[in-house]
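Novice: Here it is: the structure, laid out below.
The values are calculated or read from the model by the stated rules, or taken from the named source; none is laboratory data. Since the structure is predicted, the reported quantities are computational estimates derived from the model, not experimental observations. We place every Cβ from the backbone using ideal geometry, glycine too, and count neighbours over all the protein chains shown.
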Amino acid sequence: MTPEEIRDRVVHRDGLILVIDKPAGLPVHQGPGGGDNLEAYFKHLTYDIQHVPALGHRLDRDTSGCLVLGRNPKGLKKLGKLFREGLVEKTYWAIANGVPKEPEGRIELPLRKISSKDKGWRMVVDRKDGQQSMTDYRVVSTADGISFIECFPRTGRTHQIRVHLAAIGCPIVGDPIYGKTTDGNEPLQLHSRALRLPMQESKPPVYAKAPPPAHIAAYLERLGAGLDTETCQGDK
């Protein structure tokens with residue numbers, strides 16, 4: 001991306017934080033083998049202050065949408081506290097194969113990371129040794145066995161929404177690890193739609209949202225949701 005292109009992805013900016021619309025398919029960190037990554041562009045987001053922004057949390061490589069950065073040590077410290085205490089409200093949009101039995105509910109399944117030489121690492125449900133994990137969800141619309149699901153993770157485990165939806169029989173479309181077998185050409189249909197951050201007690205929470213990328217917008221049209229999201233809780 002050019003400096004202008006990364007700046008065009010800023011959906012919120014104040015003295016403490018930035019929220020950017022992360023593109024799908026771009027890792028936030030440089031991997032062991034190098035390659036393009038989101039952090040390489042943070043130097044273009046200083047806006048004439050001395051600090052280069054730093055990540056306040058993480059998104060998977062193939063997940064798009066809202067990602068918050070701290071602009072300075074004070075902002076990063078505040079973000080760390082909010083995430084540790086579970087005070088950040090996160091809204092995700094997912095396109096899933098299948099329809100949940102209940103139109104809304106809570107998935108509460110502990111998760112644990114496992115790894116193997118042949119398949120690499122992944123998260124699994126482990127009721128004995130897993131970490132507490134909780135996701136609230138609401139089905140917005142369905143068609144032809146596909147669901148548009150709004151998800152509200154209450155904890156922040158790795159791959160949490162992906163594993164939780166798969167566990168109730170509704171894996172996310174395009175998920176190569178927890179989804180149905182595909183040819184690998186379908187992008188992951190998971191989008192970090194919105195963040196609500198109570199940065200200062202004396203002011204209303206910061207609210208930022210990112211538009212769905214084209215591959216998710218196409219499914220929304222197919223599911224009759226289009227880009228009219230007034231029925232979505234995360235847009236209120």
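Novice: So, in the stretch 91-125, exactly how many residues are under 30 Å from Ala208 (Cα atoms) and among the β-branched types (Val, Ile, Thr)?
Specialist: 4
Novice: List pairs: first residue in the stretch 214-236 and over 16 Å from Leu190 (Cα atoms), second residue at pLDDT below 85 and in a loop (DSSP other than H, G, I, E, B) anywhere in the structure, Cβ distance under 6 angstrom, at least six positions apart or on different chains.
Specialist: Asp235/Thr229
A quick yes/no check of all residues on (1) in contact with an Asp or Glu (Cβ under 9 Å, 6 or more places away or on another chain); (2) farther than 28 Å from Thr142 by Cα; (3) aliphatic (A, V, I, L, M); (4) assigned to a loop (DSSP other than H, G, I, E, B):
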{"site": "Ala24", "(1), (2), (3), (4)": "yes, no, yes, yes"}
{"site": "Arg58", "(1), (2), (3), (4)": "no, yes, no, yes"}
{"site": "Trp93", "(1), (2), (3), (4)": "yes, no, no, no"}
{"site": "Asp118", "(1), (2), (3), (4)": "no, yes, no, yes"}
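Novice: How many of the residues in the stretch 78-110 are aromatic (Phe, Trp, Tyr) and buried (at least 20 other Cβ atoms within 10 Å of the Cβ)?
Specialist: 2
Novice: Can you tell me how many residues in the stretch 28-56 are part of a strand (DSSP E or B) and touching a residue at least 12 places away in the same chain (Cβ under 8 Å)?
Specialist: 2
Novice: Restricting the stretch 149-163 to residues that are outside any loop (DSSP other than H, G, I, E, B) and touching a Lys or Arg at 6+ places or on another chain (Cβ under 9 Å), which is nearest to Pro110 (Cα to Cα)?
Specialist: Val163
Novice: Report, by residue number, each residue of the stretch 40-73 that is among the aromatic types (Phe, Trp, Tyr) and under 22 Å from Ala24 (Cβ atoms).
Specialist: Correct list: Tyr41, Phe42.
Novice: Taking the stretch 50-77, which residues are aliphatic (A, V, I, L, M) and surrounded by 15 or more Cβ atoms within 10 Å (Cβ to Cβ)?
Specialist: Residues satisfying the conditions are Ala54, Leu55, Leu59, Leu67, Val68, Leu69, Leu76.
Novice: Which of the residues that make up the stretch 3-28 are farther than 13 Å from Leu69 by Cβ and either of a type in the set (Phe, Trp, Tyr) or touching a strand residue (DSSP E or B) at 6+ places or on another chain (Cβ under 8 Å) (or both)?
Specialist: Correct list: Pro23, Ala24.
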